[in-house]
Amino acid sequence: MVTIPQIKLHDGNSIPQLGFGVFRVDPQETKRVVLDALEVGYRHLDTAAIYGNEREVGQAIAESGIPREEIFLTTKLWNTRHADAPVAIAESMEKLGVDYLDLYLIHWPAQVQNLYVEAWKDLEGFKEAGLVRSIGVSNFHPEHLKRLKDAGCQTPVIDQVEIHPAFQQKFITDYCRDEGIAIEAWSPLGQGGYPLFETAPVVEAAKSHEKTPAQVVLRWHLEKGYIIFPKSTHKERMKENIDIFDFTLSEQEMAAIDAMEIGEAGRQGASIEERGV
């Protein structure tokens, strides 16, 4: 069994630095895929209400035989549920078949509704009630985080944002570092478009360490201190993605990959404005 490093959060809890994500995993495949991931050694699962596969994630956890306390489980509050977060979290927990969550995130700030501060206060209540051990956000920019701070709210433990070498969002990561907010990188390997795995810095590092380009990119994230949860429906790829703890990148290799940043041209996902429903 691979030993996965733990990241200490500012609330005193810890999170495995490497997890398994189920974004865009068909519900009909989800139970099998999650069972495979747990068998490979993953103990951190990341889902969301909008993914439509929470129930199947819960079924896999129940059937795995792994004690609940050994699995770090994250789900998220969707944009249209900011006004009724207590109902939304109850629905998620029922589908997952659990009596607590390790981490609950506001999925997007959903600026058109402009209710994320109120939703965040509900999350604080969930934590106080013991429904959630840690609370955080996803896709928040510094201005959204500052608004929570100005409202006297608790500081999120995590901001989950799109990050990979071509789209590094340093203005977010720098702010979060200053505030003690851990970074989770979604789409850590990109989703097509920019050819991460064909760039010279990644290819050369892969050859040097006898690793795949994907393993090099995931290792870059780890050495940045980011929490990652790559997705795959194939067990062999799951094994590849977890086999990244027996090498380190040199300062020169890290710098070369850092220099791959191209900003918006390298981004894969929807912007906050596009998800501001």
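The values are calculated or read from the model by the stated rules, or taken from the named source; none is laboratory data. Treat the numbers as computed from the prediction; the structure is a model and nothing was measured. Note that each Cβ is placed from the backbone with ideal geometry, even for glycine, and that neighbours are counted across all protein chains shown. Protein only, heavy atoms only, side chains kept; ligands, DNA and RNA dropped before computing areas. Shrake-Rupley method; radii C 1.70, N 1.55, O 1.52, S 1.80 Å.
A few comments on the model shown:
- In the set 135, 89, only one residue is part of a helix (DSSP H, G or I), among the aliphatic types (A, V, I, L, M), under 17 Å from residue 154 (Cβ atoms) and open to solvent by less than 40 Å² (accessible area, probe 1.4 Å); that residue is 89.
- Of everything in region 154-184 that is open to solvent by less than 40 Å² (accessible area, probe 1.4 Å) and charged (D, E, K, R), the residue that is farthest from residue 6 (Cα to Cα) is 162.
Yes/no per residue for (1) part of a loop (DSSP other than H, G, I, E, B); (2) within 20 Å of residue 103 (Cα to Cα):
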| site | (1), (2) |
| --- | --- |
| 176 | no, yes |
| 184 | no, yes |
| 188 | yes, yes |
| 194 | yes, no |
| 205 | no, no |
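- The residue list 242, 272 contains one member that is modelled with pLDDT under 95 and in contact with a Phe, Trp or Tyr (Cβ under 8 Å, 6 or more places away or on another chain), which is 272.
So that you can scan it fast, the table gives a plain yes or no per residue for (1) open to solvent by 10 Å² or more (accessible area, probe 1.4 Å); (2) of a type in the set (Gly, Ala, Ser); (3) more than 30 Å from residue 28 (Cβ to Cβ):
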residue: 186; (1), (2), (3): yes, no, no
residue: 194; (1), (2), (3): yes, no, yes
residue: 203; (1), (2), (3): yes, no, yes
residue: 209; (1), (2), (3): yes, no, yes
residue: 231; (1), (2), (3): yes, no, no
residue: 255; (1), (2), (3): yes, yes, yes
residue: 259; (1), (2), (3): yes, yes, yes
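- Of the residues making up region 235-252, those that are more than 11 Å from residue 41 (Cβ to Cβ) and either assigned to a loop (DSSP other than H, G, I, E, B) or among the hydrophobic types (A, V, I, L, M, F, W, C) (or both) are 244, 246, 247, 248, 249, 250.
- Filtered residue count, region 1-22, keeping only those that are modelled with pLDDT of 95 or more, open to solvent by 20 Å² or more (accessible area, probe 1.4 Å) and either among the aliphatic types (A, V, I, L, M) or closer than 12 Å to residue 229 by Cα (or both): 2
- Complete set of residues in region 92-132 that are outside any helix (DSSP H, G or I) and out of contact with any strand residue (DSSP E or B) (no Cβ under 9 Å at 6 or more places or on another chain): 97, 99, 110, 111, 112, 113, 114, 115, 129, 130
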